[in-house]
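Below is one structure, written out as structure tokens; comments come after it.
Derivation of every value follows stated rules applied to the coordinates shown; laboratory data play no part. Only a predicted model underlies this, so the values are computations on that prediction, with no experimental measurement involved. All Cβ positions, even for glycine, are placed from backbone atoms using ideal geometry, and neighbour counts span all protein chains on display.
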Amino acid sequence: MALLRTGTTLTSGPYRQQLKGTLEFLIEAVESTPQNAVRITKETGTQIQTKLGSNIDAILTAQYLANMLDYVGYSPVLEARIRKNLETCTEKIAAAQQSDGSISGDGWAGVLQSSLAGNALESAKYQGIAVADEVLEDAQSYQYSNVDAASGEVDVDRGAGIVLYSVSSGARGAARDARSVREAVRRAKDEGQIEEEAEVSVEILQEIGFEPEEALEMNTAYQVYDRAKVTAQDDAVMNGFGNNGGEEFLSFLQTGESLIINKDETWTEWYDNVSGKLVAIQNSDGSWNGHHCITSPVFCTATTLLTLAITNDVEKLVAQGAMKLD
């Protein structure tokens, strides 16, 4: 995913052969997996599984395949193969989803595994893959539940006790619905349906046409996003342990994507801040590594590159944020 976002494709760029090899490896892994298995790997106890969750492989593979679909229009055969394997991965994610919308097999910071699952399902649906609306809605509702819409209090029980992990996940999960609310309220104000100074609330959303249950859910998403995005950018929260593990790099990425999906004008300020922090801690060989938890230079460098190159995917993220559920 980092190679794609930084400009390499299957047909161009300095790492196209590596990208081809990665794609073929993942497709073969998915195709050789038993239908009833929720994972696509036989590996267990890896650092990423231990820290994020035991089902993270199918989740990240689904996100990778969804992203790859933007670059394979030249080959209908390859595109069809990727779509089939993306469908398989989304089915595995749905099978691993628990009644509260989270993903089973928590690692040290299981909230991040569940957040990435929601992101992958959203990306797959955007690419036309059949994802049941209730599965995606449950995934997002779980993320809302980690940030109290009224008080801003954060549930960190499944976030390893770290506020950053839960709030970045909450902001990312709520971003699309929060944008929908903001745009609907803006239209209603422009049309004189409500007063210019009216603030988002369940009552206001019902007044502009939302059904009662939908108004409650969408107001929650809006308030969670509004609180979570601020907390996720607080220097004290971002500094956490005083150094970064892979979970911190991943949380920075989620915050940025949530701001862009919501068309939040503050995203450029966020980018200036976080990119400065990341460049300042780059290793002399050009890599990044974690100093606790996920220490892998491969994971940390790839995640950091996804963050630094997020400007290349602004249009795509904004378009995904406009997606409506059936």
Please report how far the C-alpha centroid of region 164-183 lies from that of region 207-270, rounded to the nearest whole angstrom. 5 Å
Going by amide H atoms built from the backbone, whose H comes under 5 Å of the H on residue 53, apart from near neighbours? 107
Row for region 101-160, column shape: gyration tensor on C-alpha, a ≥ b ≥ c, rounded if a/c < 1.5 i.e. under 1.5, prolate if a/b over b/c, else oblate; value oblate
Extent of the chain along each principal axis, from alpha carbon coordinates, in Å, largest to smallest? 57, 44, 37
So, R0 is 30 Å and r is the distance between the beta-carbons of residue 263 and residue 216; what FRET efficiency does that work out to, to 0.05? 0.80
Mind listing the phi-derived Karplus ³J(HN,Hα) values for region 308-322, rounded to whole Hz, using 6.51, -1.76 and 1.60 with θ = phi - 60°, and x for any glycine or proline? 5, 9, 4, 4, 6, 10, 4, 4, 5, 5, 5, 5, 5, x, 8
Here the FRET efficiency for residue 207 versus residue 95, based on Cβ atoms and R0 = 51 Å and rounded to 0.05, is 0.80
Above-threshold pairs, the threshold being 29 Å between Cα atoms, out of 229/277; 42/324; 189/229; 189/324; 51/277: 42/324
Quote the charge dipole size of the chain about the Cα centre in Debye, to the nearest 20; the model charges only the Cβ of Lys and Arg (+1) and of Asp and Glu (-1). 1600 debye
Just want the answer: with Cβ charges of +1 for Lys and Arg and -1 for Asp and Glu, which residue in 282, 238, 308 is farthest toward the dipole's positive end in region 185-326? 282
Given backbone amide H placed at 1.01 Å from N, residues whose amide H is under 5 Å from that of residue 103, ignoring those fewer than 5 places away on the same chain, are 98, 114
Size of the dipole of region 223-326 about the Cα centre, Lys and Arg at +1 and Asp and Glu at -1 on the beta carbon, nothing else charged, in debye to 20? 120 debye
What GluC sites (Glu not before Pro) in region 168-248 are in a loop by DSSP, with at most 12 other Cβ atoms within 10 Å of the Cβ? 191, 195, 196, 197, 199
Note down, for region 175-326, the three equivalent ellipsoid semi-axes (square root of 5 times each alpha carbon gyration tensor eigenvalue), biggest first, whole angstrom. 36, 15, 13
Under 5 Å between amide H atoms, partner at least 5 residues away or on a different chain: which partners does residue 147 have, H built in plane at 1.01 Å? 155
